[in-house]
Structures are given as C-alpha cells and as structure tokens.
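Participant: Please read through the structure below; I'll follow up with questions.
The values are calculated or read from the model by the stated rules, or taken from the named source; none is laboratory data. Not measured: the values here are computed from a predicted model. Cβ coordinates were reconstructed from backbone atoms using ideal geometry, including for glycine residues, and neighbour counts include every protein chain displayed.
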Amino acid sequence: MSAQSTGTITGKLIDKEVNDEPLAFANVLLKGTTKGTTSDFDGLFEIGNLEPGSYTVVFSYLGYETVERADVIVEAGKATSLEIPMSATEGVALDEVVLTTVARKDSETALLLDQKKAVEIKESIGAQQLGKIGVSDAATATTKISGVTTSEASGDVFVRGLGDRYLSTTLNGLPVPSDDVERKNIDLGLFPTRVIQNVSVSKTYGVESTADQASGTVNISSRELAGSSEFSIGVNTGINTNVAQDGVYDNFKLSPNSANTDFGFYDQSRNTLQLITQQGWNTIKQENPVDYGFNLVAGKKFKDKLAVLATASHSTRYNYGQGLFRQYRSNFVDDTITDATTYNKRIVNSGLLDVTYFIDDKNKLKSSTFLINTLDESVYEGGRNGEGTIFEETDPAEGLFQFIRDQNTKQTRLLVSQLLGTHYLSEKNTLEWAGGYNFVNASEPNRIRNEVNFDPDGDFVQLGRTGGFQQRKSKQNIEDVEFNGFIKDAHKIIDEEEKSFTVEFGGNYRNKTRDFVSQFIGVEEASVNTINPTSIDNLGGIFTQANFDNGLLQYNILHPDSYEGSLESNAAFADFNVGLY
C-alpha cells in the first residue's frame, strides 16, 4: 500500500506529575484494532500505514489515568499530530498491554542468531533465502552451505569431504530412515523447499547427536505457520534443454511400467513370473515431456491458541543424459560404452500438516505429519551405435557388438509423524521433548534387463547367452518402521552480558525394524539362436507364452532373497556450556 493512500498519527506524551517532562514507555492503542505502539524516551510515538478515517486513540501508563481521544481524523498522505498530558490524579493500576510477535525461524536473521548461540560448528539456510535463490529441494539447499557438496550422479551429500556413510539425517531433531537399502541416509531431494522451514548442518560431534556419524548431521525443520494466516497457490512449467533436443523430445522413452502408473502411483497386481509374458519388454514413447507442477499452502491461527498449516504439491520432471561409460579391471579397460544414454521421469507428491497448540505463553505442543510419494521411472541404454564392448561373449570374427537396456520403476512412500513439546518451566529453565513414528516403503515392482548381441549393419539380433539372467525381470521391496524420541532440559545457571553457564541433559531413544525382499527371474534360450528378436527396439516380441510352452524359451527362477533387521538404541547425555564474551 503506497504512502499516498494511508496516513499517520504522531504525537508526544507529557507527564503532568513531573513538570511536563516527556512520558516514556506509555502504551498507545487504536481502540477496536490491534494496532499500537509505545512512546520513546522523548515521549514521542507514531502509528503509520493507517486507512483514512476517524479513530479513537487510547493512552495508558501503569498508575496513571487512562486517556481516550476520540474522533482523531486521519487523512491520506498526512500526519495527524497530538499532544497528550497524563497524570496520576485519578489513576488506577492497569495491566500492561503486551505487544507480541511470532519470530520467523526461516529468516536469515533468526538463523544467524541461532548459529551464534550454538556450541557446535553449525550453519543454516532458511526458506526465505532458499526462495530468493530458486532452490527446489533440501539436497540442493545443503550445497549453499560452506563445506557441503553433492554428487549429481549418486545424490550423496558430502560434509567436509565425507559422504553418506559418515552422515546422519534428522527431521525436527528426530531420525529419518533411508529410502534406499544401499544407503544410510534418505535422499534429501525428496524434501521440496515448500515443506522446509530451514536446513542446518552441524559439522562436528554433539552430545545430542547419535554416534553413527563422523562428518556431521543434516537437520531439516518442517514448516510452521508464521503470522495469523497464509494462503497461496502456485503453478509452474518448463522444459529441460537436454530433453528438448532433436531425437529426444519426439522420442522420449519410458518403461512399460508407465502404462500402469497414474499421477505418480504404480498399480499392478501381477507377480514377477506373470509379468514375463503378460507385460511388455519394449520401451514406451512419452508424448510432450514437459515439466510441470503445482502447489497449495493454507494456514490459519485460531484465537491465538491454535495454528494450522497445510501444504500439498505435485511435480513432474523429465531428464535426459548421454555420456561415456568405462569399467576398468587391473588398470585395463574392461567394458566400454560410448553412447550411454539415460531417460528419467520423476513424479513427486508431498503434503505437510503442522498443528501447533499454545497451551499458554510458556507451554507449546506441535504435531507434524509429513507424507511423500515419489515415482522414478528410468530407461538406460548403451551400445546402440555399434561400439559397445560389454560382456564380450562372442568371437570377434562374428562381427557382433553388445547392446544393453535397463528399465526400472521405483516408488517410495514415506510417512513421518511427530509430536513435539516445548515448556518454559522458568525464566532460565526450558524443557523440550519429542516422539516420532516413521514408515518407509521403497518398491521396485518390475525391473527389466536385456543384454543382446547384434550386427549394427544388419538386422541380426542374438540374445545374450551367458549365465541365464541376461534377459530378466526382478522386483525388490524394502520396508522400515521406526519409533523414536528425545527429551532435553536446558538450565541457565548464569546468564549475564559477559558470561554464561548452561547445563543441558536428556536422552534419546530409537527402535527400528527393516524387512527386505528381492527376486530375480531370468529367461534363456533352449540353445543359442533358437529364437531371435527382429530388432533391438522389439526385444519383447519373442517373450510370449507360446514360446515357453513349445520349449524355445525357459525360465530361470531364483529363490527370493530376504532379510529382517532390527535396531534399538538408548542414550543419555549431559552438556556443560560456558561462555565468556
């Protein structure tokens, strides 16, 4: 709102009890509104950004008579000046008017203050700053912190040069499980910035941290409502320049699993053996691979007691990459692919529900529920140009080269539900506690692998003939369930301008179980060249039930691999912090 459309009330308060001296720190309030201020050392006050109209101004001071000045006219672009004498002649004891605000914990200033107080080496970045620099997820957010890098290929986060194995990840101070059986930490790319309040990285050990980290801890603080209300809707679209190039945009490849995918959810009831003949092996062409997304944020505070914030979002992104693949053995090149290409489509649906209840000004409860559903579809090809030397099972005289294709769909469902409490037991004693439930299901329902030999100058294609699993479909499922919690009491024994002494003590608890299952089913010929695909783009034409029934093809079924694991951890800690300034 511009200055030309609003007005200002200014003035001075004088104390009749002390020879008309300025009256400092008196309350000035516009009756019927929440707008107000206090007078400064010189008794001056100012209330700006007021709509033109008539106001009643109330002046109060402890032990002094309350003064009301009615019909104070505010005009656009002008300042209305008042001089108000106050005295204790008929004064009554009044409760002080306390003006309170809610600090934005995602602002750069708030994070710098928190960093200043931290004993460990800690650096944070908030949602406000992330919005300014256009960061889309927590993984990218960590790269804006000094000493932190990420690998675009693997998604690993490196703190002080140490990667996934040496790192720990938490959400609101509670552990978050991994979505990948081969990794310790969850993919931070699953957390879009719209559900993040701030991301902090502690680069040293801390007594509150678990002992399974050597490089640091990444903590994501989920969003909560700042202010009385919030509502926004966002829509975005774009195109990846790698995808837009000729030969890719009009021929973007997805796995046959995409036919059973709707809005990021895979729905398929067939088992792996049935999928061999009842679902295709060939890639599917994606029409118009254009990125798009939308999000909704809504929040409201009710009677300064209950604050509710809800967010929901959806995004679809496409990516394409091409490069050189080489594998070495004893310092010699073993496998080479000069045209390794990858097509990837990622769909992310996420939602956050944050409910904060203020019992009173000293006690707060917070419930945070976070849901993510991610679907990654990928197609990897290599050797199409006739220069691939990979499994080398043919005689050079045959003039055949190798071609491989790997198609996969991975769906990750994550649920994090937490209840947190903050209690100011006294001016110098603060108690914090939290309890959480985590559930992760990461499923690869139908992974498709083909390895063939082919003549790049002709139409001859031969199935790979080593091991019995070069043509295969497989599935994998990992499920984690975890209960966790912590309690911490901080007591400021000395809190002075030049020195401080704080004692913190508490405990942590974790109970986690993991179930994992994986199965491979291979397909092999009865003998070499019994049956041949028509081309490398129509490998699935031969995998029919009739060819299995007549003995041209046969199954090679492995028993499922599975394991169950559990972890239980109980820990207590005490921390003594001395500050000299």
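Participant: Mind checking whether some residue in region 469-478 is aromatic (Phe, Trp, Tyr) and crowded, with 18+ Cβ neighbours inside 10 Å?
Facilitator: no
Participant: Where residues in region 405-438 are among the hydrophobic types (A, V, I, L, M, F, W, C) and modelled with pLDDT under 95, which of them is nearest to Gly506 (Cα to Cα)?
Facilitator: Result: Leu425.
Participant: Does region 1-14 hold any residues that are exposed (fewer than 15 other Cβ atoms within 10 Å of the Cβ) and at pLDDT 90 or above, and which are they?
Facilitator: Residue satisfying the conditions is Thr10 alone.
Participant: Being of a type outside the set (A, V, I, L, M, F, W, C), surrounded by 16 or more Cβ atoms within 10 Å (Cβ to Cβ) and more than 30 Å from Phe469 (Cα to Cα) narrows it down to one residue among Asn438, Asn429; which is it?
Facilitator: Just a single option satisfies the conditions, and that option is Asn438.
Participant: Still on this structure, I have one more. What are the residues in region 367-394 that are hydroxyl-bearing (Ser, Thr, Tyr), modelled with pLDDT of 80 or more and closer than 30 Å to Val461 by Cα, if any?
Facilitator: Ser378, Tyr380, listed by residue number.
Participant: A further question follows. When the residues of region 33-53 are filtered to those that are assigned to a strand (DSSP E or B) and at pLDDT 90 or above, which remaining residue is farthest from Lys303 (Cα to Cα)?
Facilitator: In this case the residue turns out to be Leu44.
Participant: Take residues that are at pLDDT 80 or above and tell me which of the strands (runs of 3 or more DSSP E) falling wholly in region 98-184 contain 3 or more.
Facilitator: Where strands (runs of 3 or more DSSP E) fall fully within region 98-184 and carry at least 3 residues being at pLDDT 80 or above, they are 157-159, 167-171.
Participant: Does any residue in region 547-564 that is touching a residue at least 40 places away in the same chain (Cβ under 8 Å) and assigned to a helix (DSSP H, G or I) come within less than 8 Å, Cβ to Cβ, of a residue that is surrounded by 11 or more Cβ atoms within 10 Å (Cβ to Cβ) and not β-branched (Val, Ile, Thr) six or more places away or on a different chain, and which pairs are these?
Facilitator: Going by the 8 Å Cβ cut-off, the qualifying pairs are Phe548/Gln554; Phe548/Tyr555.
Participant: Right, here's the next one. Among the residues in region 149-157, are any over 13 Å from the mean Cα position of the chain (by Cα) and more than 26 Å from Asn441 (Cα to Cα)?
Facilitator: Yes - at least one qualifying residue is present in region 149-157.
Participant: Any idea how many residues of region 441-468 are out of contact with any Ser or Thr (no Cβ under 8 Å at 6 or more places or on another chain), surrounded by 16 or more Cβ atoms within 10 Å (Cβ to Cβ) and among the β-branched types (Val, Ile, Thr)?
Facilitator: Qualifying residue count, region 441-468: 1.
Participant: Would you check if there is a residue in region 15-32 being exposed (fewer than 12 other Cβ atoms within 10 Å of the Cβ), among the aliphatic types (A, V, I, L, M) and at pLDDT below 90?
Facilitator: The answer is yes; a qualifying residue exists.
Participant: Scan region 60-76 for residues that are small (Gly, Ala, Ser) and either closer than 14 Å to Gly11 by Cβ or assigned to a strand (DSSP E or B) (or both) and jot them down.
Facilitator: Listed by number, the residues that qualify are Ser60, Ala70.
Residue-by-condition table, conditions (1) surrounded by fewer than 21 Cβ atoms within 10 Å (Cβ to Cβ); (2) aliphatic (A, V, I, L, M):
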residue	(1), (2)
Leu171	no, yes
Gly206	yes, no
Val235	yes, yes
Leu254	no, yes
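Participant: While we're looking at this one, here's another question. Under the condition of being among the polar types (S, T, N, Q) and in a loop (DSSP other than H, G, I, E, B), which residue from region 360-408 is surrounded by the most Cβ atoms within 10 Å (Cβ to Cβ)?
Facilitator: Thr394
Participant: Whether any residue in region 471-486 is in the same structural domain as Arg449 (by TED's automatic domain parsing), farther than 30 Å from Ser569 by Cα and either in contact with a His (Cβ under 9 Å, 6 or more places away or on another chain) or not in a strand (DSSP E or B) (or both) is what I want to check.
Facilitator: No, the conditions are met nowhere in region 471-486.
Participant: Do we find that Glu568 is touching a residue at least 24 places away in the same chain (Cβ under 8 Å), assigned to a loop (DSSP other than H, G, I, E, B), in the same structural domain as Leu275 (by TED's automatic domain parsing) and under 42 Å from the mean Cα position of the chain (by Cα) in this structure?
Facilitator: no
Participant: Which residues, counting only those in region 252-309, are of a type in the set (A, V, I, L, M, F, W, C) and closer than 19 Å to Pro445 by Cβ?
Facilitator: Those that are of a type in the set (A, V, I, L, M, F, W, C) and closer than 19 Å to Pro445 by Cβ: Leu254, Ala259, Phe263, Phe265, Leu273, Leu275, Ile276, Trp281, Ile284.
Participant: Which of the following residues is without any contact (Cβ under 8 Å) to a residue 40 or more places away in the chain and of a type in the set (S, T, N, Q): Asn251, Asn295?
Facilitator: Every option except Asn251 fails the conditions.
Participant: While we're looking at this one, here's another question. Residues in region 259-269: is at least one of a type in the set (A, V, I, L, M, F, W, C), outside any loop (DSSP other than H, G, I, E, B), touching a residue at least 24 places away in the same chain (Cβ under 8 Å) and assigned by TED's automatic domain parsing to the domain that holds Ala546?
Facilitator: Checked region 259-269: at least one residue is of a type in the set (A, V, I, L, M, F, W, C), outside any loop (DSSP other than H, G, I, E, B), touching a residue at least 24 places away in the same chain (Cβ under 8 Å) and assigned by TED's automatic domain parsing to the domain that holds Ala546.
Participant: Which condition from (1) crowded, with 17+ Cβ neighbours inside 10 Å; (2) under 32 Å from the mean Cα position of the chain (by Cα) is the one that Val290 breaks?
Facilitator: (1)
Participant: OK, next. Among the residues of region 419-460, which ones are among the acidic types (Asp, Glu) and within 26 Å of Ile337 (Cα to Cα)?
Facilitator: Glu444, Glu451, Asp455, Asp457, Asp459
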